[in-house]
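J.: Submitted below is the structure of interest, expressed as structure tokens.
The values are calculated or read from the model by the stated rules, or taken from the named source; none is laboratory data. All values reported here derive from a predicted model rather than from experimental measurement. Backbone-built Cβ (ideal geometry, glycine too); neighbour counts: all protein chains shown. Accessible surface is based on the protein model in full, side chains and every heavy atom, while ligands, DNA and RNA are left aside. Shrake-Rupley method; radii C 1.70, N 1.55, O 1.52, S 1.80 Å.
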Amino acid sequence: ETFKSIDNIMRTKYELIESLPDDGIAIFNYDNEHVRKLADKTFKEKILYGIKNTEEADVFASDIMVGNTGSKFTLYINDLGAIECETKLLGEHNILNILAGAAVAKVLGLSLKEIKNGIARIESVKHRLQLIDPGTGVLVIDDAFNSNPDGAKAALNVLKSFKDKRKIIVTPGMIELGEQEEKENEIFGENIALVCDIVILIGKKQTAPIQTGLQKHNFNEENLHVVNSLNEATKILETLTKVNDVVLFENDLPDTYNEN
């Protein structure tokens with residue numbers, strides 16, 4: 001929304017690469033179609049990382065097992081070899097983030113074992129797929145910082161991994177997506193319908209596209225609650241939740257989009 005187009009974001013981000021000194025090293029996420037274009041036109045020393053495009057990548061992960069307490073994967077780094085790694089971070093997209101860090105670690109001269117140990121020690125950042133167990137029998141996944149379509153999808157995948165629990169989502173939907181916002185929120189609604197048992201939406205107008213997506217999959221309206229504020233959502237949660245539930249708070253809730 002702020003940059004007006006992906007091209008403008010690409011151009012602005014690429015200023016980082018253009019301002020590298022002659023002996024600088026550029027590190028690119030080669031899974032991202034927009035970043036790939038920037039990588040392909042770069043003739044400075046570069047490192048490519050990814051999960052999908054492993055044949056072209058210098059740093060990549062395979063044998064990925066994503067669970068509800070973290071992930072396991074094999075890390076491959078050209079010139080160094082491969083090593084089994086574990087992380088407490090939730091979601092496959094976080095493995096991609098870890099690969100960026102592993103690429104930097106390679107440049108700094110760390111060994112595979114040092115990189116593995118570092119990966120095991122990473123703690124989740126507050127409000128970014130943070131798993132909280134308050135000891136009440138109800139688990140909370142706090143992903144309330146900010147969300148985009150890929151992040152929202154990843155959060156739902158994490159929620160889905162809790163096989164024997166009732167799944168609840170609290171969300172105002174995604175914002176700041178410009179002209180894509182309505183379409184992406186409708187898709188988000190469709191994905192929610194496939195994973196969640198109970199849905200609490202904040203803001204009737206704001207979440208209209210999500211409601212359309214839910215209806216496409218005939219989501220049971222008795223399990224849908226549309227409220228005006230996070231405060232109202234919390235009150236509903238207090239009456240609904242029971243032992244063995246898992247609740248996902250998704251996107252920008254600290255900013256509280258209140259509709260009165």
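J.: Name the residues in segment 1-23 that are open to solvent by 60 Å² or more (accessible area, probe 1.4 Å) and hydrophobic (A, V, I, L, M, F, W, C), would you?
T.: Within segment 1-23, Phe3, Ile6, Ile9, Leu16 qualify.
J.: On the basis of being farther than 24 Å from Leu90 by Cα, of a type outside the set (Lys, Arg), assigned to a helix (DSSP H, G or I) and open to solvent by 20 Å² or more (accessible area, probe 1.4 Å), does Gln206 make the cut?
T.: no
J.: Mind checking whether some residue in segment 160-172 is among the hydroxyl-bearing types (Ser, Thr, Tyr) and not in a loop (DSSP other than H, G, I, E, B)?
T.: Looking only at segment 160-172, we keep the residues that are among the hydroxyl-bearing types (Ser, Thr, Tyr), and these are 161, 171.
Retained after the next criterion (residues that are not in a loop (DSSP other than H, G, I, E, B)): 171.
So far as segment 160-172 goes, yes, one or more of its residues are among the hydroxyl-bearing types (Ser, Thr, Tyr) and not in a loop (DSSP other than H, G, I, E, B).
J.: OK, next. Across segment 62-77, what is the total count of residues that are surrounded by 13 or more Cβ atoms within 10 Å (Cβ to Cβ) and either free of Cβ contacts under 8 Å to residues at least 24 places away in the same chain or in contact with a Cys (Cβ under 8 Å, 6 or more places away or on another chain) (or both)?
T.: Within segment 62-77, residues that are surrounded by 13 or more Cβ atoms within 10 Å (Cβ to Cβ) and either free of Cβ contacts under 8 Å to residues at least 24 places away in the same chain or in contact with a Cys (Cβ under 8 Å, 6 or more places away or on another chain) (or both) number 6.
J.: So, of the residues in segment 122-154 that are in contact (Cβ under 8 Å) with a residue 24 or more places away in the chain, in contact with a Gly (Cβ under 9 Å, 6 or more places away or on another chain) and within 17 Å of Ile98 (Cα to Cα), which turns out to be surrounded by the fewest Cβ atoms within 10 Å (Cβ to Cβ)?
T.: The residue in question is Ile122.
J.: Next question. Could you tell me which residue of segment 242-260 is modelled with the highest pLDDT, considering only residues that are under 12 Å from Leu201 (Cβ atoms) and assigned to a loop (DSSP other than H, G, I, E, B)?
T.: Here the residue is Asn251.
J.: While we're looking at this one, here's another question. How many residues are loosely packed, with under 15 Cβ neighbours inside 10 Å and at pLDDT 95 or above if we restrict to segment 43-61? Full working, then the answer.
T.: Residues of segment 43-61 loosely packed, with under 15 Cβ neighbours inside 10 Å: 43-45, 52, 55-56.
From what is left, the residues that are at pLDDT 95 or above are 45.
Adding up the residues that qualify gives 1.
J.: On to the next question. Considering every residue within segment 210-230, establish whether at least one is acidic (Asp, Glu), crowded, with 21+ Cβ neighbours inside 10 Å and on the phi < 0 side of the Ramachandran plot.
T.: no
Results for (1) of a type in the set (S, T, N, Q); (2) over 13 Å from Asn68 (Cβ atoms), shown as yes or no for each residue.
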| position | (1), (2) |
| --- | --- |
| Ile122 | no, yes |
| Pro134 | no, yes |
| Asp143 | no, yes |
| Ser147 | yes, yes |
| Asp150 | no, yes |
| Val158 | no, no |
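J.: For a quick check of your reading of the model, give me the residue pairs whose first member lies in segment 1-15 and is part of a loop (DSSP other than H, G, I, E, B), whose second is among the polar types (S, T, N, Q), with beta-carbon atoms closer than 9 Å and at least 6 apart or on different chains.
T.: Phe3/Thr12
J.: I would also like to ask the following. For segment 183-203, enumerate the residues that are assigned to a loop (DSSP other than H, G, I, E, B) and open to solvent by 40 Å² or more (accessible area, probe 1.4 Å).
T.: Of everything in segment 183-203, just one residue is assigned to a loop (DSSP other than H, G, I, E, B) and open to solvent by 40 Å² or more (accessible area, probe 1.4 Å), namely Asp197.
J.: State whether the residues of segment 78-89 include one that is under 19 Å from the mean Cα position of the chain (by Cα), in contact (Cβ under 8 Å) with a residue 60 or more places away in the chain and open to solvent by 50 Å² or more (accessible area, probe 1.4 Å).
T.: No, that holds for no residue.
J.: Give the residues of segment 219-241 that are without any contact (Cβ under 8 Å) to a residue 12 or more places away in the chain and part of a loop (DSSP other than H, G, I, E, B), sorted by residue number.
T.: Residue satisfying the conditions is Asn220 alone.
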